[in-house]
1. Work out from phi, with θ = phi - 60° and the Karplus expression 6.51 cos²θ - 1.76 cosθ + 1.60, the ³J(HN,Hα) of each residue of segment 25-31, listed in order in whole Hz, and give x for Gly and Pro.
2. With the chain treated as a Gaussian network of Cα nodes joined by springs under 10 Å, which of SER13, SER89, SER105 yields the largest mean-square fluctuation?
3. For a Förster distance of 22 Å, can you work out the FRET efficiency between the beta-carbons of ASP55 and TRP87, rounded to the nearest 0.05?
4. Wrap a convex hull around the Cα atoms of the chain, take a quarter of its surface area, and give that in square nanometres.
5. On average, how much accessible surface per residue is there in the chain, in Å², for a 1.4 Å probe, leaving out ligands, DNA and RNA?
6. Mind telling me which of ALA68, ALA18, ALA82 comes out most flexible in a GNM of the chain, alpha-carbon contacts under 10 Å?
7. Taking amide H positions as placed 1.01 Å from N in the peptide plane, with prolines and chain starts having none, which residues 5 or more places from VAL84, or on another chain, fall under 5 Å of its amide H?
8. Return the distance in nm (one decimal) between the two label points of a simple spin-label model at ASN24 and ASN110, each offset 7 Å from Cα along Cα→Cβ.
Amino acid sequence: MVGLLMKLIIAPSGVIIASWIFPNVNFANWFQPIILGIIIAFVGHFMEVLMLREDTNWMTTIADFVVASAIVYFGAMFFVNADVTFWGSILTGGLLAIAEIFLHSWLINNERTKKDEVVRE
């Protein structure tokens, strides 16, 4: 649950920052990057629940990069006057993946990725 809360802060903030610093990521309204960030957060959290372990850290980070880039690129097409190029979505996904590296490391080091195991006697 802590991972989802952190993602709900990091992902929208990352998309907003990307729209400020990258010239090929433009949103017409303030809520558009927030909506995309929330979608990225929920999808990313679901992927972390399924995939993230110590031995799959990099694979999960690469999957987060690909999925975040796709959501930004295709999600921007649903908003009026939003303009995100392919390279803009790649840069945004890269920015989010860098944040994910630190988040994944924190989750793994604090043992927040342990799945509940049923003990059968």
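The values are calculated or read from the model by the stated rules, or taken from the named source; none is laboratory data. Predicted model only: the values in this text are computed from it and were never measured. Quick reminder, even Gly has a Cβ in these numbers, built from the backbone with ideal geometry, and neighbours come from all protein chains shown. Side chains included, ligands, DNA and RNA excluded: accessible areas come from the protein's heavy atoms. Shrake-Rupley method; radii C 1.70, N 1.55, O 1.52, S 1.80 Å.
1. Calculated HN-Hα couplings, in order: 10, 10, 10, 7, 10, 5, 7 Hz.
2. SER105
3. Using R0 = 22 Å, I get an efficiency of 0.10.
4. 7.8 nm²
5. Details: 7480 Å² over 121 residues.
With all protein chains present, the chain gives 62 Å² per residue.
6. ALA82
7. So VAL84 has HN proximity to ASN26.
8. 3.6 nm
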